[in-house]
């Protein structure tokens, strides 16, 4: 059986549960070893609630990656002047290596960031998988800051929107 390619689209109201599911599945796998179970629980409650997810989707700031009819990843962003802040880009563990993360990043760059100057994001210090992915996508570290809920430092990265 041939798998369908990854497609990316803007999330709609019907995607709230699927977007939250991406967070509920990726956060424990990604952050428990780096920051502990309490950090994961707090982050999921604070940033992946139904209300917060509905708000971001309602504002048109969430993209989803789909494969074979299922949501396998998501990206959420805001803009600040000529900067796009990519707050979340997550792909469920079993879809790592399928091109879903690259498809999401390409969609962000070609869509919401298209007419902006730079894309900015942060990953948790010690998250070597995220860092390697972002470096492959052309991001470079700019600075570090304390994590607001007590995890390891945030490692901030940027890349220009153009080629």
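The values are calculated or read from the model by the stated rules, or taken from the named source; none is laboratory data. Please read these numbers as outputs of a predicted model, since none were measured by experiment. We place every Cβ from the backbone using ideal geometry, glycine too, and count neighbours over all the protein chains shown.
Could you check, for the range 112-131, whether at least one of its residues is more than 15 Å from the chain's Cα centre (by Cα), buried (at least 18 other Cβ atoms within 10 Å of the Cβ) and either under 23 Å from residue 49 (Cα atoms) or modelled with pLDDT under 95 (or both)?
Looking through the range 112-131, none of the residues is more than 15 Å from the chain's Cα centre (by Cα), buried (at least 18 other Cβ atoms within 10 Å of the Cβ) and either under 23 Å from residue 49 (Cα atoms) or modelled with pLDDT under 95 (or both).
Tell me which residues, restricted to the range 15-31, are farther than 19 Å from residue 54 by Cα and out of contact with any strand residue (DSSP E or B) (no Cβ under 9 Å at 6 or more places or on another chain).
Across the range 15-31, the qualifying residues are 28, 29.
When you go through 8, 64, 40 one by one, which is the residue that is part of a helix (DSSP H, G or I) and in contact with a helix residue (DSSP H, G or I) (Cβ under 8 Å, 6 or more places away or on another chain)?
Working: 8 fails: part of a helix (DSSP H, G or I); 64 fails: part of a helix (DSSP H, G or I).
Of 8, 64, 40, the one residue that is part of a helix (DSSP H, G or I) and in contact with a helix residue (DSSP H, G or I) (Cβ under 8 Å, 6 or more places away or on another chain) is 40.
Looking for whichever is at pLDDT 95 or above, surrounded by fewer than 19 Cβ atoms within 10 Å (Cβ to Cβ) and within 13 Å of the chain's Cα centre (by Cα) here; the options are 32, 78, 42. Which one fits?
On the way: 32 fails: within 13 Å of the chain's Cα centre (by Cα); 42 fails: within 13 Å of the chain's Cα centre (by Cα).
None of the other options fit; the residue is 78.
Check residue 42 against each of (1) touching a residue at least 24 places away in the same chain (Cβ under 8 Å); (2) closer than 28 Å to residue 162 by Cβ and name the one condition it does not meet.
For residue 42, the failing item is (2).
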